[in-house]
Amino acid sequence: MKIKETSLKDCYIIEPTIFEDERGYFFEKFNEKKFEELTGMNGHFVQDNISKSSYGVLRGVHLQKGEHAQAKLVSCLEGRVFDVAVDLRKDSATFGEWFGVELTPENKLQLYVPRGFGHGFSVLSETAIFSYKCDNFYNKDSEGSVIWNDPDLNIDWKLPVEAIILSEKDKLLPKFSERNF
């Protein structure tokens, strides 16, 4: 397992070591001990979530705040997604900056999104199955969010605007300047 730093403090790309032969391949998707040794961060997860979405679906930018804040380890099990992390930690040197990476079953990359970050993704393939490992349990009353097309963040979701499909809830999220996180 290789850990690559992103442009955002404490946000990492995890690249597995893949063993291939004529039968197929094997790789260790995650190792808590190695992760903690390489990053110095807690890698204990308590909840796994899976979502399936079609082309153009954009989910985000969401976070859990306060005592229910969540770090996430995300990957794409089927299809292609453009995954985005936004540093919403007010005391961080990278506050208000975002990082994006394409996740696919072929590249087998995962993105570690630390607590205090917003997270979202857009679906670039016909369908996608997306996996989230979370280090804290979901709590509806602890939701925070930023609208997907916030002009201060200026996130490139890698989709034509007319193709983007949002939930009714995601259409009404606040702007970054309104700071509900």
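Are there chymotrypsin sites (Phe, Trp or Tyr not before Pro) in region 107-173 that DSSP puts in a loop and that have at most 16 other Cβ atoms within 10 Å, and which ones? All intermediate terms of the calculation are to be shown ahead of the outcome.
Values: sites: Y112, F117, F121, F130, Y132, F137, Y138, W148, W157; in loops: F137, Y138, W148, W157.
Answer in residue order: F137, Y138.
Below 8 Å between Cα atoms, with a sequence gap of 6+, how large is the relative contact order for region 45-178 in percent? Once divided by the residue count of region 45-178, the mean separation gives 39 percent. Stokes-Einstein diffusion of the chain at 10 °C, 1.306 mPa s viscosity, Kirkwood radius from Cα pairs, rounded to a whole number: 95 µm²/s.
Under a GNM of the chain (C-alpha, springs under 10 Å), which listed residue has the highest mean-square fluctuation: F19, F99, F35? Checking each option, the largest mean-square fluctuation is seen for F19. With neighbours defined as other Cβ atoms within 10 Å of a residue's Cβ, the residues E143, E168 order from fewest to most as E168, E143. Extending 7 Å from Cα along the Cβ direction at K158 and again at M1 yields two label points whose distance is 2.3 nm.
Of all GluC sites (Glu not before Pro) in region 83-112, which ones are in loop regions per DSSP and have a Cβ with at most 14 other Cβ atoms within 10 Å?
Details: sites: E97, E102, E106; in loops: E97, E106.
In loop regions of region 83-112 (DSSP not H, G, I, E or B), the sparsely surrounded GluC sites (Glu not before Pro) are E106.
Projecting label points 7 angstrom from Cα along Cα→Cβ for K33 and N139 puts them 3.2 nm apart. GNM, the chain, Cα, under 10 Å: largest mean-square fluctuation among R80, R59, R23? Looking only at R80, R59, R23, the largest GNM fluctuation is found for R23. Multiplying the residue separation of R179 and L77 by 0.36 nm and removing their Cα-Cα distance gives an extension gain of 33.5 nm.
Taking region 156-181 and a reference point 7 angstrom along Cα→Cβ of T127, the backbone N atoms nearer than 20 Å belong to 164-167.
With the simple spin-label model, which puts each label point 7 Å out from Cα in the Cβ direction, the Y25 to S51 separation comes to 2.5 nm.
None of the figures in this text is laboratory data; all of them are computed from the coordinates on show. From a predicted model like this one, the values you see are computed outputs, not experimental measurements. Neighbour counts run over all protein chains shown; Cβ positions are idealised from the backbone, glycine included.
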